[in-house]
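As structure tokens, the structure follows; a few thoughts come after it.
The values are calculated or read from the model by the stated rules, or taken from the named source; none is laboratory data. Since we're looking at a predicted model, the values are computed, not measured. Don't worry about glycine lacking a Cβ; one is built from the backbone with ideal geometry, like all the others, and counts go over all protein chains shown. Heavy atoms of the whole protein, side chains included, go into the accessibility calculation; ligands, DNA and RNA do not. Shrake-Rupley method; radii C 1.70, N 1.55, O 1.52, S 1.80 Å.
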Amino acid sequence: MAALPQLPAPVTLGDQAYAAIREAIVTGSLRRGEKVTERGLAESLNISATPVREALRRLEQDRLVERTGPRSVRIAEFGKDELREFTMIEDVLRALAARLAAEKSTAAQRRAMAGCLDEADALRAEMRQVAPGSERELELVGEIQELMRRFHLLVDEAGGNETLIQMLRTVDAFGTAERRDSVLSQARGEHRERLDERYGQHRAIFAAIASGDGDRAEELMRAHSHDSNVSRIAGRFLD
């Protein structure tokens, strides 16, 4: 008998709780060092404590939470040296993802990447027309950053390597909220030109991917990731 296709695993409440809590950590809704309880999370998610307990066990394995008691955890914090090591890993993984995207991406995936950049360019054009430091400017910065996050996810997916994607999801969880805060801080301050330069690097990376130049895509992505992470670490550990 011919082999039958495997059925997808059902999405359980534990899976949904894991995804929701992880996203709250990634986006900063749950702050680094914050102490939370199974009961509090369960009430917030409007579910029982059992799937939350399952989700927290998985998040412990991801090193995103640390157990502080039988029914409580703390959102993980990392020191400067440990965070620097995470960013070194991230630089290598993102560079490899860009190389694979240059070698394996489809036309549809490249169109999606280009669409993200075009949307972001339109928002940047609007940002030049609004008052510096205004609420609208900060909203636009956040929207642009979300588009850049989507761009990077598209690059990762275009590489087509599930193991690499999972590893990138893990390291990404250690810094998304801090990266957002760093970008907002620079948008308000005197480092705006440096922020503009980093934004422009996305177009160069895309051009290398679209042309199939894996060497160039890897080189540019490694430099881009490194620049971003250096800024993030400096912003977190101000003397």
Can you tell me which of Arg136, Arg111, Arg150 is closer than 30 Å to Glu66 by Cα, of a type in the set (Lys, Arg) and part of a helix (DSSP H, G or I)? Arg150
Please pick out the residue among Val130, Val141 that is more than 21 Å from Arg32 (Cβ to Cβ), open to solvent by less than 20 Å² (accessible area, probe 1.4 Å) and at pLDDT below 90. Val141
Could you tell me whether any residue of region 148-156 is over 30 Å from Glu54 (Cβ atoms) and exposed (fewer than 14 other Cβ atoms within 10 Å of the Cβ)? no
Please verify whether Pro10 is over 18 Å from the mean Cα position of the chain (by Cα) and modelled with pLDDT of 90 or more, treating the condition exactly as stated. no
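Give the residue, chosen from Glu85, Glu43, that is closer than 26 Å to Leu168 by Cβ and acidic (Asp, Glu).
Only one candidate passes the filter, namely Glu85.
Taking the condition touching a residue at least 60 places away in the same chain (Cβ under 8 Å) and within 23 Å of Val11 (Cα to Cα), does Thr27 pass?
It is true that Thr27 is touching a residue at least 60 places away in the same chain (Cβ under 8 Å) and within 23 Å of Val11 (Cα to Cα).
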Every residue from region 142-174 that is of a type in the set (D, E, K, R) and either in contact with a Ser or Thr (Cβ under 8 Å, 6 or more places away or on another chain) or more than 16 Å from Arg124 (Cβ to Cβ) (or both): Arg149, Asp156, Glu157, Glu162, Arg169, Asp172
I'm trying to understand the selection: among the residues of region 64-85, which are surrounded by 14 or more Cβ atoms within 10 Å (Cβ to Cβ) and either among the hydroxyl-bearing types (Ser, Thr, Tyr) or closer than 18 Å to Ile165 by Cβ (or both)? Leu64, Ser72
Return the pair list, or none, for Cβ contacts closer than 8 Å from residues in region 96-115 that are more than 14 Å from Ile165 (Cα to Cα) to residues that are at pLDDT 95 or above and exposed (fewer than 15 other Cβ atoms within 10 Å of the Cβ), at least 6 apart or on different chains. Ala102/Ser211; Ala102/Gly212; Glu103/Gly212
Consider Ala120 carefully, then state whether it is in a helix (DSSP H, G or I) and hydrophobic (A, V, I, L, M, F, W, C). yes
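Can you give me the number of residues within region 199-230 that are touching a His at 6+ places or on another chain (Cβ under 7 Å) and not polar (S, T, N, Q)?
Qualifying residue count, region 199-230: 1.
Of all residues in region 31-63, which are in a loop (DSSP other than H, G, I, E, B) and open to solvent by 90 Å² or more (accessible area, probe 1.4 Å)?
Of everything in region 31-63, those that are in a loop (DSSP other than H, G, I, E, B) and open to solvent by 90 Å² or more (accessible area, probe 1.4 Å) turn out to be Arg31, Asn46, Arg63.
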Out of the residues in region 86-106 meeting the condition of being in a helix (DSSP H, G or I) and over 16 Å from Ala208 (Cβ atoms), tell me which one is most open to solvent (accessible area, probe 1.4 Å). Met88
